[in-house]
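Only one structure is covered here, and it is reproduced in the block below.
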Amino acid sequence: YIHQGQGILISDLTAGDKTMTFSIRPAFESKGVIDQKIWGIGDDLSGNSIKISSGFMQFGNFKVLRWTKDFDGFIFDKQVQVDALLLSGNPRINVKTLTEYVRFSVLLIDATNPDYRIEQWQKEAQEFGLAVRVLKKNPAHVIKL
């Protein structure tokens, strides 16, 4: 998240990680970020226009739900609406069921999922005409707020 010279990375990377040193920090600097912070994926933090708690993240008005194994077997009473749905940690769910529980504009799939499951979700998302972005071995998904 980048806003007015402040950059916040939500990741499992540490400050000394090579990816941080050679990719993330230079990317932040190229965007004019002066103040850089790293928040852990599981952190329950909030500040300014950012809200993060147990899988839900909000940046300004942009809402993201991080779907993990913790949701396996969970049944929703009503459909949740977010801007993006992030599949993380290899949950056991198919895209059809996701669309029944959550209304979203883009499906994000992170690198914590195995390749075979990523391919399966991509195929299913295409069948439903959903926008999908795989973050494994690809640049960050950038959203202008």
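The values are calculated or read from the model by the stated rules, or taken from the named source; none is laboratory data. Note that the structure is a prediction, hence the values are computed from the model and not measured. Cβ: placed from backbone, ideal geometry, glycine included. Neighbour counts: every protein chain shown. Keep in mind that these areas ignore ligands, DNA and RNA; they rest on the heavy atoms of the full protein, side chains included. Shrake-Rupley method; radii C 1.70, N 1.55, O 1.52, S 1.80 Å.
Where the alpha-carbon atoms of the chain are placed on the principal axes, they occupy 42, 30, 25 Å, in descending order.
At a 1.4 Å probe, what is the % contribution of carbon and sulfur to the accessible area of the chain? Answer for the chain: carbon and sulfur cover 51 percent of the accessible area.
For the chain, the longest principal axis of the alpha carbon atoms and the long axis of helix 115-127 meet at an angle near 70°.
Each residue of segment 16-31 was assigned a 3J(HN,Hα) from its phi angle through the Karplus expression (A = 6.51, B = -1.76, C = 1.60, θ = phi - 60°), giving x, 5, 4, 4, 5, 5, 9, 10, 5, 4, x, 5, 4, 4, 5, 9 Hz with x at Gly and Pro. Taking all protein chains into account, the per residue accessible area for the chain stands at 61 Å² (1.4 Å probe). Each residue of segment 60-70 was assigned a 3J(HN,Hα) from its phi angle through the Karplus expression (A = 6.51, B = -1.76, C = 1.60, θ = phi - 60°), giving x, 9, 8, 10, 10, 10, 9, 8, 10, 4, 4 Hz with x at Gly and Pro. Per-residue ellipticity at 222 nm computed for the chain from its helices equals -5000 deg cm²/dmol, with DSSP H segments shorter than 4 residues left out and the rest contributing -39,500 (n - 2.57). Placing a label point 7 Å from the Cα of residue 141 along the Cα-to-Cβ line, the residues of segment 1-38 whose backbone N sits under 20 Å from it are 1-3, 8-13, 24, 28. The amide H of residue 80, built 1.01 Å from its N in the peptide plane, has 102, 103 as neighbours under 5 Å, considering only residues 5 or more places off or on other chains.
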